[in-house]
Every structure is written in structure tokens, then in C-alpha cells.
1. At 0.36 nm per residue, minus the direct Cα-Cα distance, what do Ala57 and Glu166 gain on full extension? Give it in nm, one decimal, please.
2. Just how many % of Cα pairs in the stretch 32-172 lie over 22 Å apart, if you round to the nearest whole percent?
3. Evaluated at 37 °C with a viscosity of 0.692 mPa s, what Stokes-Einstein diffusion coefficient in µm²/s does the chain have when Rh comes from the Kirkwood expression over alpha-carbon pairs?
4. Calculate the dipole size of the stretch 128-238 relative to its Cα centre from +1 charges on Lys and Arg beta carbons and -1 charges on Asp and Glu beta carbons; express the result in debye to the nearest 20.
5. If you find the alpha carbon centre of the stretch 184-237 and of the stretch 106-122, how far apart are they in angstrom?
6. Can you give the helix-only mean residue ellipticity at 222 nm for the chain, where every DSSP H stretch with n ≥ 4 adds -39500 (n - 2.57) and the sum goes over all residues, rounded to the nearest 500 deg cm²/dmol?
7. Which one of Phe231, Pro200, Ala99 has its Cα pushed farthest toward the positive end of the charge dipole of the chain, where Lys and Arg give +1 and Asp and Glu give -1 at the Cβ?
8. Run the dipole for the chain about the Cα centre, Lys and Arg Cβ at +1, Asp and Glu Cβ at -1, nothing else charged, and hand back the magnitude in debye, nearest 20.
Amino acid sequence: MGRAFEYRKARKLKRWGNMSRTFTRIGKEITIAAKAGGPDPDMNPRLRVLMQNAKAANMPKDTVERAIKKATDKDAGDYKEIVYEGYGPHGIAIVVETATDNNQRTVANVRSYFNKHGGSLGTQGSLSFLFDHKSVFHIKPSDGLDAEEFELELMDFDGELEQDEEEWLIYGAFEQFANLQKYLEDKGVEIVSAEFERIPTDYKEVTPEQRAAIEKLLDKFEDDEDVQNVFHNMKEDE
């Protein structure tokens, strides 16, 4: 999982460099989770872990509370999560996850970004074979946690463990997110944050000039308020 970790780390650091964008993204996720499962984090596991994500991102408490309250606000827009897939310039596969209250606006924007940068929007699911959809948990290792035994237990959830200096990362199947969260909480493991990632099954090499053209398109997606996450199979710079 080493390459997957480096890919995830590079992508996340770039995105989290813009804290206001990060707060907007997490805020939408919190609103969606609160609307689906209720505003009480004790009764809503997904909301509970998203609040941990907000804490890890240093998101102000009142911003988190506003996002939860928005779920019960009759005048607030109803966000829908929609995934778009397509190819950017030089054959790079791109998956764009959005949360939008106006699908017509979002699809028009996404299509225009692809078209203006030498790419094309494809059909939903057309690129799923190029990415592994994973649940990713960042946890704080404790002195009483034996890595070998822990890794064996994670196999029950299709989970894999990667140890970093400051935190451990757990990669599990997308559909195992809730089960993994419950297992970690029951075990008393501190979850720093958790998310879903689309990790490329293979990486495409590009030249510096090609990379510059592709990153212009990726930046357009990242700057769009409706976009939550952008994944691609371009190999990161060494």
C-alpha cells in the first residue's frame, strides 16, 4: 500500500492547503450525514467520524454546529452526491465526486471543464475498473495495540494496515466502512479521521508538459464549490 499512501498523501496535502475549501467540503458532508442519520453524533456513526475529520482539520466548532443545523433548515438546499467520470488530456482517468443542490449547474460545469482542457465526460461507472474504492481510517496507535495481531483482525473486514511515524492507516473495502468504524470504536482505538478514497489500480506516466496541462484541469475541478473530491491515475512526481 506504499504507493497508494504516497498518492493519497500528495493529493490530500494539496487539497487541504486551502482551509476554507476544506471547511466547505467537510461542512457539506456533515450536513448530508446529519440529514440522513439525524443530528445526534452518539446515534449517527457517520456524523461522529465526520466530526473527527472536522477536528483534525481544525474546523471551528461553530462552523460544525452550523453544518449540522443546516440539515434541519427547511430553507437550505438539499444536497445530492453525484459522481462524474471522464478522461482528461493525455488519457488520464479522472473521477469527480460532487455534492450539489443544482445538478444541472454541476454537470454543465464539469462537462465544460473537461471540454475546455482537451478531455471528455464519460458515463457513470465507465472508469470504475481503474480505481479501487476504499475506506481509509487514520488512527493513533496506542502502546497496548499489537500491530501483528491487529492486522490479522483487520482481515475480517478486508482491511490492510500501513504504519506511518505519527499515525497508522487502515485501508478497507468501501462497503466495510461502518463495520470497520464500529470495530475500531469498540476496541477503544482513537480515530483521527476517516474518508473514502479511489486509489488507482495502475498509474500513468506523463511528461512535465503533460502534467502541467492535466493539473490545469484538476485545479478547475478543485476550485468548483460543488466538487468534493477529485481522483486521477496520473503518477505523482517523485
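Just so you know, all these numbers are worked out from the coordinates, no wet-lab data involved. Everything quoted here is computed from the prediction, not taken from an experiment. Virtual Cβ from ideal backbone geometry, glycine too; neighbours counted across all protein chains shown.
1. 37.7 nm
2. The share of Cα pairs beyond 22 Å in the stretch 32-172 comes to 60 percent.
3. In µm²/s, the coefficient is 174.
4. In debye, rounded to 20, the stretch 128-238 gives about 480.
5. About 18 Å separates the Cα centre of the stretch 184-237 from the one of the stretch 106-122.
6. -14000 deg cm²/dmol, from helical runs alone.
7. Ala99
8. For the chain, the charge dipole is close to 1380 debye.
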